[in-house]
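*Asks:* After the C-alpha cells below, expect a handful of questions from me.
The values are calculated or read from the model by the stated rules, or taken from the named source; none is laboratory data. In this text, all values refer to a predicted model and were calculated from it rather than measured experimentally. Here Cβ is always computed from backbone atoms with ideal geometry, including for glycine, and neighbour counts include all displayed protein chains. Accessible surface areas use protein heavy atoms only, side chains included; no ligands, DNA or RNA. Shrake-Rupley method; radii C 1.70, N 1.55, O 1.52, S 1.80 Å.
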Amino acid sequence: MHKFDGRGVFLSLILLGIAMPWLALIPVAAALVAQGILGTFNLAAAFSRREGSPVLPGGSAQPLRFSVHLAIHQEPPAVVSRTLQALAAQVGAPDYEVIVLDNNTADPALWRPVEALCATLGPAFRFYHEDGVEGAKAGALNIALDRTDPAASHVIVVDADYVVEPDFLAIAARELRSGGEDFLQFPQAYRNDAGPVAGLSLELADYFLRHARKAQVAGAMLLTGTLSVIRRSALEQAGGWSGRTITEDAELGLRLRRLGFRGRFVDRPVGRGILPLDLAGLSQQRYRWAAGNLDTIRCGFSGLSPRTAVQVFSQLTAWNNLALPLAAGLIGGVLAMLAGGAPEAALWLTTLSGLGLAMVYLSVCLPLVLVAAVRGSSGAATVLSALASRITMILPSAIGTVDALLNRSGAFRRTAKDASEACDAVGPILPLLAAFGGLALLAVPQLSWAGALGLVLLILPYPLALGTGLRLSEYRRSLAIA
C-alpha cells in the first residue's frame, strides 16, 4: 500500500485548492503560522553573544585512551585510505585505537584494500567486515562500540571522508582535560572549498556559525555526526546508538542531554571532508537533516531546562521549512482561478500562499546574510553563491519536513563520494515548477502582488540549481586534480 508522504500532501493540496479553495485556506494558513515560528527561531540564532559558555574546571586526571570509529559502506578505498593515513599520522596524542567497521558492502573490491591498509598500519588499526547489519550507520557504530578496547575512555566518530589534522587527537585530549565534558563536538569543514564552492561551504558552515554557537552559549550543543568525542561510559549509559531516526547523531546528543551529561562545541576546525558531489547528493543530505532532526524531536525534551529545550529545538529545526504546502496552495489557487471557480477564495488562496513562500525565503536567507555581514570575511560573490545554494535546497528540506511530520521519513542513504557516481542532472521537479510559474504569470493577470511574487519564487530555484550544479561539477574536477 502506498504511504501518504510529502508528495501525496502536495498533490492533495493542489486538488483541494482547485476544488474547494476556501477549505484549502486552512492548511495554507496553518503552514504560514508554522513557518513564522520556524523563521523566528532561525532568525534568533543569528543574534547570539560572541562568547560561549565558560569552560568549567574539573577536567579528569584519569588517563585518556581513545577509540576512533569509522563506519563505512560502499566507500571508495582511496577516500577511506586518506582518512586512515591521517589518523595514523597523529602527533602528541594519547593512546588510541582505530576501528573500521565496513557494513553490508557487497563488492570485496571496495573493502579488501581498506582491510589490507589497516593490517599495514599496525595493531592499533582493526578492520571488520559485517553483512546483515541493521540500523545503517547506527548499527555499524554499535558493533564498533561492542568491539572497543575495554580500557578506552572515549569514543571518537570520524566519517570515512574526513582527513583530520595531525594534532586532532591531541587537541581533543587537551579540551577534555580542561573542561571535563562528557562529549565534544568540532565543526565540519570541507576540502578545496576556496574555489567554486566557497558559497556552498559558507551555506553549510552557517549552522555552526549560528546554531552551534548559540547552543554553546546556552549549554545545549548536540552532536553532528563526525568529529564527535564521547565519553564511553556516557555513550553506554545512554544505550549506544539508535537507528530510530536517520540522524543518529542528533538523536544521541538529545538523549545524552536528557540524561544530564554535559557537552561542548569546540569552535575549531580539526578536519575536512568532501562536499556532496552533485545536486542529488546535496539534496539527499539536506532531506536527511530536515527529516531526521524533526523526527528526533519526538523523543521529547524531558529533563531539559526551558532554555536548553528552546536551543535544542532551534538546532533540530535549523533545516526545516513549510514551502511544500504553500507551493501547493499557490498552484491550486492559480488553477482554480483559471477554471473560474470561487474567484474570491482562489485570490485569497494565492495571496496567502505567495506571502507564505516569501516568508520561507526570508526565514532561510536573511539569517545567513546577517551573519555574513557581521563577520565580514566573505565577499559579495560568495554570499550570493551561498544564497543560491540555500534557495536550491528549499525543496528537499520542505519534502523532508512534511515527510517527518507524517512519520514517513525515508531510510538512511549514504552520500556518494566517488565522482563516477555523480550526475549533473537537476531532476524534473524544479523545471516543472519554474515552467508553471512562468506560464501562470502570463495567463493570470488578475493575481495580487503577493500571488505574483509567489510565482516568481517558484521559478527562482531552477536557474539557481543549474548554477549550483555547475559549481559542484567544478568542485569534482578540483578533487581529481588534488
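*Asks:* Which condition from (1) open to solvent by 40 Å² or more (accessible area, probe 1.4 Å); (2) modelled with pLDDT of 95 or more; (3) closer than 26 Å to Trp348 by Cβ is the one that Pro445 breaks?
*Replies:* Evaluating Pro445 over (1) open to solvent by 40 Å² or more (accessible area, probe 1.4 Å); (2) modelled with pLDDT of 95 or more; (3) closer than 26 Å to Trp348 by Cβ leaves (2) as the failure.
*Asks:* Just checking: which of the helices (runs of 4 or more DSSP H) contained wholly in segment 246-345 hold 1 or more residues that are open to solvent by 30 Å² or more (accessible area, probe 1.4 Å) and more than 30 Å from Ile429 (Cα to Cα)?
*Replies:* Values: elements: 248-258, 279-296, 306-316, 323-339.
Filter on segment 246-345 gives 248-258, 306-316.
*Asks:* Residues to consider are Gly122, Gly139, Gly179, Gly225; find the one that is among the small types (Gly, Ala, Ser) and in contact with a helix residue (DSSP H, G or I) (Cβ under 7 Å, 6 or more places away or on another chain). I'd like the intermediate steps shown before the answer.
*Replies:* On the way: Gly122 fails: in contact with a helix residue (DSSP H, G or I) (Cβ under 7 Å, 6 or more places away or on another chain); Gly139 fails: in contact with a helix residue (DSSP H, G or I) (Cβ under 7 Å, 6 or more places away or on another chain); Gly179 fails: in contact with a helix residue (DSSP H, G or I) (Cβ under 7 Å, 6 or more places away or on another chain).
Just one listed residue meets the conditions, Gly225.
*Asks:* Six or more apart or on different chains, Cβ under 7 Å: which pairs go from a residue in segment 247-267 that's within 16 Å of Leu304 (Cα to Cα) to one that's surrounded by fewer than 24 Cβ atoms within 10 Å (Cβ to Cβ) and among the β-branched types (Val, Ile, Thr)? Could you list them?
*Replies:* So the pair list comes out as Arg257/Thr308.
*Asks:* With the checklist (1) farther than 30 Å from Glu474 by Cβ; (2) in contact (Cβ under 8 Å) with a residue 60 or more places away in the chain; (3) small (Gly, Ala, Ser); (4) out of contact with any Ser or Thr (no Cβ under 9 Å at 6 or more places or on another chain) in hand, flag the one item Gly300 doesn't pass.
*Replies:* Condition not satisfied by Gly300: (2).
*Asks:* Go through (1) over 19 Å from the mean Cα position of the chain (by Cα); (2) within 27 Å of Arg375 (Cα to Cα); (3) open to solvent by less than 20 Å² (accessible area, probe 1.4 Å) for Leu227 and report which single condition fails.
*Replies:* (1)
*Asks:* Right, another one. Scanning for something in a loop (DSSP other than H, G, I, E, B) and of a type in the set (Val, Ile, Thr), does segment 163-178 turn up at least one residue? Can you show your working first?
*Replies:* Filtering segment 163-178 for residues in a loop (DSSP other than H, G, I, E, B) gives 165-167.
Remaining after also requiring of a type in the set (Val, Ile, Thr): none.
The answer is no, given that none of the residues of segment 163-178 is in a loop (DSSP other than H, G, I, E, B) and of a type in the set (Val, Ile, Thr).
*Asks:* How about segment 58-93: which of its residues are over 19 Å from Ala140 (Cα atoms) and open to solvent by less than 20 Å² (accessible area, probe 1.4 Å)?
*Replies:* Within segment 58-93, Ala86, Leu87 meet the criteria.
*Asks:* Still on this model: Tyr128 is checked against (1) surrounded by fewer than 17 Cβ atoms within 10 Å (Cβ to Cβ); (2) among the hydroxyl-bearing types (Ser, Thr, Tyr); (3) more than 19 Å from Ser81 (Cα to Cα) and fails just one. What number does that condition carry?
*Replies:* (3)
*Asks:* Return the only residue of Ala170, Ala119, Ala151 being without any contact (Cβ under 8 Å) to a residue 24 or more places away in the chain, closer than 24 Å to Arg65 by Cβ and open to solvent by 10 Å² or more (accessible area, probe 1.4 Å). Can you show your working first?
*Replies:* Numbers: Ala170 fails: without any contact (Cβ under 8 Å) to a residue 24 or more places away in the chain; Ala151 fails: without any contact (Cβ under 8 Å) to a residue 24 or more places away in the chain.
Ala119 is the lone residue from the list that is without any contact (Cβ under 8 Å) to a residue 24 or more places away in the chain, closer than 24 Å to Arg65 by Cβ and open to solvent by 10 Å² or more (accessible area, probe 1.4 Å).
*Asks:* Just the residues that are farther than 20 Å from Gly179 by Cα, hydrophobic (A, V, I, L, M, F, W, C) and modelled with pLDDT under 95, please, taken from segment 209-245.
*Replies:* The one that is farther than 20 Å from Gly179 by Cα, hydrophobic (A, V, I, L, M, F, W, C) and modelled with pLDDT under 95: Leu209.
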